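Accompanying notes for the structure given below.
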Amino acid sequence: MRADGHTSVAPATVGSGELRKYVVRRLDEGQTWAIAAASGAPRLWSYGSTAALHGFESGFADDLRGIPRLQRAVGQARRSFLNACGALIERRMPDVAFLALALDGASIHVVCAGNVRAYVFRGRQSQRITPRVDHESGLLDGRIATASEPLNGGDLVMAGSASAFSTRAVGRVSAVLQGDPQTPPAVIANLLTDPARKAGVGAAAVVLRAR
């Protein structure tokens, strides 16, 4: 099974400017995606996210598949992030919520830490596949959770930062999908991040359509 994937990233407004708080990476010809959501001092957002994503990419190899493959890569993301934190002289360390998802065969696999979410939409119903309780701690000292869900052709996977699933964003996406379950992933991704963009809080979303 393959997937058509689209992303949408909205910057966060800090003072009179915009900063990149959320970063998305595409790997494995669009079968694997990683989302880093920074927190803490804005001046360290890019520093923390870059370190985590560099670690993820360095730990991503072809000798494993599914959850074990993502676990190793996310574990390397954590180590890279912690090493970067060790080089800082800060009273309060930054943190990075992290989510990796991969389509493997007829299943979607997710490994995550922190306040990030993933859902599968099918038959006009959505199912959350990440933990239902949001955890504020990310790679710094949070718990790494795993999940897998079988997919059918036409299923929609929506993943991203918690800010991409605000009440307003979810309401708009639900209304659109109830009217047309085959709405293109690019449209859904933009609907998820648009309220956060307008509010200045930033967001990141990855939307995949299985085929």
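Could you sort HIS54, HIS135 by accessible area so the largest value comes first, with the probe set to 1.4 Å? If you can, show how the numbers build up before the last one.
Numbers: HIS54 120, HIS135 85 Å².
So the residues, ranked largest to smallest area, are HIS54, HIS135.
Here the accessible area of the chain is 50 percent carbon and sulfur, with a 1.4 angstrom probe and all protein chains present. A simple charge model with +1 on the Cβ of Lys and Arg, -1 on the Cβ of Asp and Glu and nothing else charged puts the dipole of region 134-211 at about 280 debye relative to its Cα centre.
When the Gaussian network model of the chain links Cα atoms closer than 10 Å, the mean-square fluctuations of ALA147, ALA175, ALA102 top out at ALA175. Listed values (i) 13.5; (ii) 11.0; (iii) 14.3 include one computed from this model; for mean projected area of the Cα convex hull in nm² that value carries the label (ii). Note on the chain: dipole from Cβ charges, positive end direction compared against PRO68, ALA162, VAL120; the farthest Cα belongs to ALA162.
For the chain, the Cβ-based charge dipole about the Cα centre amounts to some 360 debye (Lys, Arg positive; Asp, Glu negative; other atoms uncharged). Remark: the ARG65-ALA162 segment gains 32.2 nm on full extension, using 0.36 nm per residue and subtracting the alpha carbon distance. Of interest is the spacing of the C-alpha centroids, which for region 25-39 and region 165-190 amounts to 21 Å.
Residues of region 189-209 falling in the label zone of SER174, defined by backbone nitrogen less than 19 Å from a point 7 Å along Cα to beta-carbon, are 189-196. Taking VAL133, VAL176, VAL74 in turn, the Gaussian network model of the chain (Cα-Cα springs below 10 Å) assigns the largest fluctuation to VAL133.
Over all other residues within a Cβ to Cβ distance under 15 Å of HIS135, the charged ones net out to +1, with Lys and Arg as +1 and Asp and Glu as -1.
For the chain, the solvent-accessible area of protein heavy atoms averages 45 Å² per residue (probe radius 1.4 Å; ligands and nucleic acids excluded).
What's the extension gain from ARG132 to THR146 if we count 0.36 nm per residue and subtract their Cα-Cα distance?
Working: separation 14, 0.36 × 14 = 5.04 nm, distance 1.24 nm.
Working it through step by step, the gained length comes to 3.8 nm.
The values are calculated or read from the model by the stated rules, or taken from the named source; none is laboratory data. A quick note: this is a predicted structure, and the numbers were derived from the prediction, not measured. Positions of Cβ are generated from backbone atoms using ideal geometry, with glycine treated the same way; all protein chains shown enter the neighbour counts. Areas reflect the complete protein model, heavy atoms only, side chains present, ligands, DNA and RNA absent. Shrake-Rupley method; radii C 1.70, N 1.55, O 1.52, S 1.80 Å.
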